[in-house]
């Protein structure tokens, strides 16, 4: 049986907020699900934390994690990339390498803390990332597969696909590691205006065995703005989250 994560369980250099679910069990147990919220490029965990409350997911503790590096030049906010690069149009480029952030998410947050200290399994953990945060979440799932760990419960990436700098999944399969079995939902705007373009979707499907793609009817990426846009995200999470309700005390799950 896992124990509820506390801030003191995590490395002191990490900035994060913990949003517990509304208690539904008596006596209360550690929630069976963990959702990692990863903000977009130039944002902070503090700004992204209200989403944890608005999702209101049952029996799910939400960890809103801040990216490890601040943006330079007094731009404000933080980023998940190994470097800060600019697109030809002069905008900050989301696709900037994810070696450091993957190490933070995979080793420090998931394996060392949630699995080893708190007793969760990797598949009890899902990820919801926006933009660059979604790309970091996909890279973390890919990193777990490379290490031979089990799959995450799922990754929702809004406005971000697998990074351009990665080789194709075919070369990975040839090396014997195969595709990740972490289920993935990629969300984006109309293809003519989205960072989730045809090439990005193809790369994602090369690395992951189970990939769903949902597009808004409108132009542009970003967070869902309506019930219709949010429904595929909530439906995906509902399929991936577990529940203690109705499970007798002392039961053992056989997998």
When residues of region 216-226 are limited to those that are in contact with a helix residue (DSSP H, G or I) (Cβ under 9 Å, 6 or more places away or on another chain) and surrounded by fewer than 17 Cβ atoms within 10 Å (Cβ to Cβ), the one modelled with the lowest pLDDT = 220
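Right, residue 18: in contact with a strand residue (DSSP E or B) (Cβ under 7 Å, 6 or more places away or on another chain), surrounded by fewer than 22 Cβ atoms within 10 Å (Cβ to Cβ), assigned to a strand (DSSP E or B) and touching a residue at least 12 places away in the same chain (Cβ under 8 Å) or not? Break it down stepwise before answering.
Numbers: in contact with a strand residue (DSSP E or B) (Cβ under 7 Å, 6 or more places away or on another chain): yes; surrounded by fewer than 22 Cβ atoms within 10 Å (Cβ to Cβ): yes; assigned to a strand (DSSP E or B): yes; touching a residue at least 12 places away in the same chain (Cβ under 8 Å): yes.
Yes: the conditions hold for residue 18.
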Unique match (being closer than 18 Å to residue 37 by Cβ, surrounded by fewer than 24 Cβ atoms within 10 Å (Cβ to Cβ) and at pLDDT 95 or above) among 184, 155, 213, 233 | 233
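Residues checked against (1) more than 24 Å from residue 241 (Cβ to Cβ); (2) free of Cβ contacts under 8 Å to residues at least 12 places away in the same chain; (3) out of contact with any helix residue (DSSP H, G or I) (no Cβ under 6 Å at 6 or more places or on another chain); (4) not in a helix (DSSP H, G or I):
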{"position": "28", "(1), (2), (3), (4)": "no, yes, yes, yes"}
{"position": "31", "(1), (2), (3), (4)": "no, no, yes, yes"}
{"position": "47", "(1), (2), (3), (4)": "yes, yes, yes, no"}
{"position": "51", "(1), (2), (3), (4)": "no, no, yes, no"}
{"position": "110", "(1), (2), (3), (4)": "no, no, yes, no"}
{"position": "114", "(1), (2), (3), (4)": "no, no, yes, no"}
Can you pull out the residues in region 201-226 that are in contact (Cβ under 8 Å) with a residue 40 or more places away in the chain and under 24 Å from residue 151 (Cβ atoms)?
-> 201, 203, 204, 206, 207, 208
Residue 112 vs (1) farther than 22 Å from residue 68 by Cβ; (2) modelled with pLDDT of 95 or more; (3) out of contact with any strand residue (DSSP E or B) (no Cβ under 8 Å at 6 or more places or on another chain): all pass except (1)
Which members of region 116-143 meet the condition of being under 20 Å from residue 58 (Cβ atoms) and assigned to a helix (DSSP H, G or I)?
-> 123, 124
Within region 70-77, is even one residue out of contact with any helix residue (DSSP H, G or I) (no Cβ under 8 Å at 6 or more places or on another chain), free of Cβ contacts under 8 Å to residues at least 24 places away in the same chain and in a helix (DSSP H, G or I)?
-> no
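Mind counting the residues in region 1-19 that are at pLDDT below 95 and under 19 Å from the mean Cα position of the chain (by Cα)?
Here is the first cut: in region 1-19, the ones at pLDDT below 95 are 1-2.
Within this subset, residues satisfying the condition of being under 19 Å from the mean Cα position of the chain (by Cα) are none.
Total satisfying the criteria: 0.
Filtering region 53-66 down to residues that are under 18 Å from residue 125 (Cα atoms) and not in a strand (DSSP E or B), which residue is modelled with the highest pLDDT? Don't jump to the end; show me each part of the working.
Taking region 53-66 first, the residues under 18 Å from residue 125 (Cα atoms) are 53, 55-66.
Remaining after also requiring not in a strand (DSSP E or B): 53, 55-59, 66.
Numbers: 53: 91, 55: 93, 56: 90, 57: 93, 58: 91, 59: 94, 66: 98.
Ranking the qualifying residues of region 53-66, first place goes to 66.
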Do any residues in region 229-240 that are farther than 12 Å from residue 156 by Cα have Cβ atoms under 7 Å from those of residues that are surrounded by 13 or more Cβ atoms within 10 Å (Cβ to Cβ), where the two are at least six apart or on different chains, and which pairs are they?
-> 229/216
Tell me, please, whether a residue that is part of a helix (DSSP H, G or I) and either on the phi < 0 side of the Ramachandran plot or within 13 Å of the chain's Cα centre (by Cα) (or both) can be found in region 79-100.
-> yes
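The values are calculated or read from the model by the stated rules, or taken from the named source; none is laboratory data. Since we're looking at a predicted model, the values are computed, not measured. Using ideal geometry, Cβ is built from the backbone for each residue, glycine included, and neighbour counts are taken over all protein chains shown.
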